[in-house]
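Asks: First the structure, then my questions, so here it is.
The values are calculated or read from the model by the stated rules, or taken from the named source; none is laboratory data. Keep in mind that this is a model prediction, so the values were computed, not measured. Glycine also receives a Cβ, built like all others from the backbone with ideal geometry; neighbour counts cover every protein chain displayed. For the accessible areas, the whole protein counts, side chains as well, though only heavy atoms, and no ligand, DNA or RNA atoms are used. Shrake-Rupley method; radii C 1.70, N 1.55, O 1.52, S 1.80 Å.
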Amino acid sequence: MIAVLALAAVAAVVVVAVQASDDGDPTSSAGRATTAPPATTTIPRVTQVELLDQYCNAPGLKWPEVPPHVPGEPDRTQVRVLDLGLDNASDDDEYIPTRSPLILGGSTVISPTTDNAFTDDASVLARTRTVTCVTLAGTERVGQTCPYTDRLNPMSSVSTELAQNRFAITVYELHSGGILHKGEILTRSSACPEWAVTSEGGGMVAYGITDQDVLAWLDSHFVDGKPA
């Protein structure tokens, strides 16, 4: 049925349709025309990166349409680092850029093994079952002095204190909104960094959190069905 005219009134709707006959001559008929409803596309929330990233702003919400996390079955977690902490140390003689807290993270395999990488590829996001939120808990001195020479004035030296960022990490199950695991991540602080931006940090020098810091924690705490 091909609708060619539709008139809407307060009490009734009249539709005139034309149907082609087998020999090509159209014949008219009047009556009710049935048309399919417009196609709708529902994009799953777990495939929308912006929604996954927003979860950590109000964690604990239930997404009942998402299947539960089953330990040992392949799935993924979306990681969001909300604050990088003090990040003015470097192993290389390079400029240390100011990084946005939003650049770390993405979806990574958590079960049964980690893949040591993040991705927001839509083809794998559908397997996301949890969101991992990482928040800065504090930056603390560790009791070690680190002297540096001003690269612009080699005769001038700057004394700083080695510090360590401490982060709270929590894994939320999307299906229930419940906490599956939580703990802490400490940035490395075993030795003074080779290079530092001493104009930042208020007299402290510290490494910022990295993707590998988060992946290492997930690998040791939340893989192979290890309980919370």
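Asks: Which residue out of 157, 123, 90, 176 is open to solvent by 10 Å² or more (accessible area, probe 1.4 Å), in contact with a Phe, Trp or Tyr (Cβ under 6 Å, 6 or more places away or on another chain), at pLDDT 80 or above and not aromatic (Phe, Trp, Tyr)?
Replies: 90
Residue-wise test of (1) under 30 Å from residue 75 (Cβ atoms); (2) outside any strand (DSSP E or B); (3) open to solvent by 70 Å² or more (accessible area, probe 1.4 Å); (4) in contact (Cβ under 8 Å) with a residue 40 or more places away in the chain.
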| position | (1), (2), (3), (4) |
| --- | --- |
| 130 | yes, no, no, yes |
| 133 | yes, no, no, yes |
| 137 | yes, no, no, yes |
| 141 | no, no, yes, yes |
| 164 | no, no, no, yes |
| 167 | yes, no, no, yes |
| 171 | yes, no, no, yes |
| 182 | yes, no, yes, yes |
| 185 | yes, no, no, yes |
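Asks: Say we look at the range 66-84 and pick out the residues that are of a type outside the set (A, V, I, L, M) and outside any loop (DSSP other than H, G, I, E, B); which of these is nearest to residue 163 (Cα to Cα)?
Replies: 80
Asks: From the set of residues in the range 93-115 that are farther than 17 Å from residue 134 by Cβ and open to solvent by 30 Å² or more (accessible area, probe 1.4 Å), which is modelled with the highest pLDDT?
Replies: Applying the filter and picking the extreme gives 115.
Asks: Is it the case that some residue within the range 201-214 is open to solvent by less than 50 Å² (accessible area, probe 1.4 Å), closer than 30 Å to residue 65 by Cα and in contact with a Lys or Arg (Cβ under 6 Å, 6 or more places away or on another chain)?
Replies: no
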